[in-house]
Amino acid sequence: MMKKGVSPIIATILLIIMTVGIAALMYTWMSGMLTQLTAQTGQQILQSTAFDFSVAPVGTTTSGSSIIFTVSIRNTGSVNIDFGRTQVNASVSVYNRTAPEIGIWKQDICTLTTPLQNPLNVGSSMIVNFSCSNVGNITANYYVLRVTMGAVAKEVTFR
């Protein structure tokens with residue numbers, strides 16, 4: 001005695017229905033995921049373009065073999081700067097006053113010596129000190145201090 005199976009036409013129809021059902025589920029899942037990713041990316045772009053600051057020189061002092069550069073940092077963006085999430089770094093390039101054509105004479109990574117007020121509100125400014133070691137004599141050189149916050153960098157010259 002032979003067992004009867006599902007006819008080939010019904011099997012084909014069942015396969016088509018299952019394929020369409022799986023495709024519909026995949027489409028729903030992917031469109032939801034893409035909508036979420038697009039919204040997150042848009043928010044990140046908005047925040048990154050809204051983040052900006054300016055740096056102005058205030059003065060310099062010496063402490064042993066270090067020079068302390070004092071700058072005013074102003075939040076010129078449209079969002080508050082959260083120093084808990086935004087890293088602040090500085091470096092200095094030293095040029096000789098009498099022979100600037102030589103180019104960079106020395107470079108150094110500077111250390112932030114001022115506690116940062118958090119957050120730095122839009123339109124607000126704060127005075128910050130950076131200590132840079134072994135960068136020469138203030139009167140014999142001029143300095144370009146590069147302050148970096150997040151992905152934004154600004155330079156200020158001390159003469």
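The values are calculated or read from the model by the stated rules, or taken from the named source; none is laboratory data. Remember, it's a predicted structure, so these values are computed and weren't measured experimentally. Cβ coordinates were reconstructed from backbone atoms using ideal geometry, including for glycine residues, and neighbour counts include every protein chain displayed.
Residues in segment 95-133 that are in a loop (DSSP other than H, G, I, E, B) and closer than 17 Å to ARG146 by Cα: GLY103, THR113, THR114.
Just checking, how many residues over segment 95-119 are at pLDDT below 90 and of a type in the set (A, V, I, L, M)? Residues flagged as at pLDDT below 90 and of a type in the set (A, V, I, L, M) within segment 95-119 amount to 4. When ASN137 is tested against (1) farther than 15 Å from SER54 by Cα; (2) in contact with a helix residue (DSSP H, G or I) (Cβ under 7 Å, 6 or more places away or on another chain), only condition (2) is not met.
So is CYS110 under 21 Å from the mean Cα position of the chain (by Cα) and surrounded by 13 or more Cβ atoms within 10 Å (Cβ to Cβ) or not? In short, yes. The residue pairs whose first member lies in segment 102-120 and is over 18 Å from SER54 (Cβ atoms), whose second member is small (Gly, Ala, Ser) and part of a loop (DSSP other than H, G, I, E, B), and whose beta carbons are closer than 9 Å, counting only pairs six or more residues apart or on different chains, are TRP105/ALA99; TRP105/GLY136; LYS106/GLY136; ASN118/GLY84. Put simply, of VAL144, VAL128, VAL122, VAL152 the only residue that is surrounded by 18 or more Cβ atoms within 10 Å (Cβ to Cβ), out of contact with any helix residue (DSSP H, G or I) (no Cβ under 7 Å at 6 or more places or on another chain) and among the β-branched types (Val, Ile, Thr) is VAL128. Taking the condition closer than 23 Å to SER65 by Cβ and either surrounded by fewer than 14 Cβ atoms within 10 Å (Cβ to Cβ) or outside the structural domain of SER72 (by TED's automatic domain parsing) (or both), does ASN96 pass? No, not satisfied. One residue alone among THR62, THR35 is modelled with pLDDT of 80 or more, exposed (fewer than 11 other Cβ atoms within 10 Å of the Cβ) and under 30 Å from GLU155 (Cβ atoms), and that residue is THR62.
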